[in-house]
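Every number in this text was worked out from the coordinates using simple rules, so none of it is lab data. Nothing here was measured: the structure is a model prediction, and the numbers come from that model.
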Amino acid sequence: MADTIQTPSGSYGERLQSARRAQMITVEDVAQELRLSTDAVNALEAGEIEIFGAHAHAVGHLRCYCKLLDISPDELLADYRSHYPDWDRLPAKVGLVPSRIQRWGRLKLVAWILGVAAVLLIAYQFWGDLVVSWLSG
């Protein structure tokens, strides 16, 4: 039978923080394991879910955090839902600003397209007449 840590009463964030401290796990360890920033982990523990955009994201992170700490997510998520009674009716935020990586990816794509077009234009200037005369030949 696996030992699970009993979480004390309090808000879901306080429960996460208490369970983490009881297991002597640092915020940095949690962030690394869940692949979140330390700010995101601190936000979960403080109950500041606005940084996650949609409730579905926050609930997913809360579930993963509970799994990491080996605590049952049911009670914790019930507490979360009591803080946000309309949590399942709120849509995800649409039109979020793309991340820096996504913007750089688009910029690279545009740069490659412009580069290829420039090379083709230069090649046509040098060898265009030769190719046309060879084709009409």
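Considering the convex hull of the alpha carbon atoms of the stretch 12-83, report its projected area averaged over all viewing directions, in nm², one decimal.
Details: hull surface 16.2 nm².
For the stretch 12-83, averaging the hull's shadow over all directions gives 4.1 nm².
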From phi via Karplus (6.51, -1.76, 1.60), per-residue ³J(HN,Hα) for the stretch 20-37 in Hz, x at Gly/Pro: 5, 5, 4, 8, 6, 9, 7, 4, 5, 5, 5, 4, 5, 5, 8, 6, 10, 7
